[in-house]
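Beneath this line is the structure, given in structure tokens, with notes to follow.
The values are calculated or read from the model by the stated rules, or taken from the named source; none is laboratory data. Just so you know, these numbers come straight off a predicted model, no measurement behind them. Because the Cβ atoms are built from the backbone with ideal geometry, glycine has one as well, and the counts that use them run over all protein chains shown. Note: accessible area is taken over every heavy atom of the protein model, side chains too, but ligands, DNA and RNA are not part of it. Shrake-Rupley method; radii C 1.70, N 1.55, O 1.52, S 1.80 Å.
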Amino acid sequence: MKFGKLIELSHVLKPGKEEFELSIETLNVEEVHKRTVRRSDIWYIIQKVKMSSHLGTHIEFPYHHLETGKTAAEYPLERMVGDAVLFNFTHKKKDEEISRAEIEASGIEVRKGDIAIIYTGMQELWNTSRAHDRPVLSVDATKYLVVDKGIHAIGTDATGLEVRETDHQPVHQLLFSHDVAMIESMTNLDKL
């Protein structure tokens, strides 16, 4: 199988430097598995990792907002693999809406099963005090992508697609009620 250019879309995680919990403990294998024998000149380790599900570049599945929604283990892999369309909204500012009209006016054809990627330029503010100063996707634009076009997943370099710290998240609710997973905090979208 021949591949084109591969581009890493995930941020590098740094224990102790992330907004959400990430800790890694490195142990010699015999500290964890008492019956294992290891010569002192052999490197053989096991690591214990404790982390938040919202750490770094991550995928949110329907269970995040729907008690009966699919978890990562239950989510169909084929909904996470496929053709993608990239929308450039790097001109949008904090809490400024991306509208259905703007998605339609982009001239980008969205087909059933596509993965929609919303490029906001927020990857440049990753792990800074302005990391959440993101534009938002309107409910109508979400309906257009999910209901009218039938996307399978949506991704963004922003830390989310809604105004933060509200008492409801209608974009999340709409995505997850239609079995659409959301990838947040992507990077290198400028290379796509």
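Of the accessible area of region 132-192, with the probe set at 1.4 angstrom, what percent is carbon plus sulfur? Within region 132-192, the accessible surface is 47 percent carbon and sulfur.
Relative to the current alpha-carbon distance between residue 111 and residue 33, full extension at 0.36 nm per residue lengthens the span by 23.0 nm.
For region 7-106, with all protein chains in place and a probe radius of 1.4 Å, 51% of the accessible heavy-atom surface sits on carbon or sulfur. Here is how the number arises for the chain: DSSP H runs of 4 or more residues each give -39500 (n - 2.57), the sum is divided by the residue count, and the result at 222 nm is -2500 deg cm²/dmol. Pairs of Lys residues in region 2-109 are counted when their Cα atoms are under 16 angstrom apart and they lie 8 or more places apart or on different chains; the count is 4. The Cα trace of the chain gives Rg and Dmax of 19.4, 66 Å, the first to one decimal, the second as a whole number. Shown here for region 82-143: trypsin sites (Lys or Arg not before Pro) in loop regions (DSSP other than H, G, I, E, B) with at most 13 other Cβ atoms within 10 Å, namely 93, 94, 111, 112, 130.
Across the chain, C-alpha contacts under 8 Å between residues 6 or more apart give a mean separation that, scaled by the residue count, equals a relative contact order of 25 percent.
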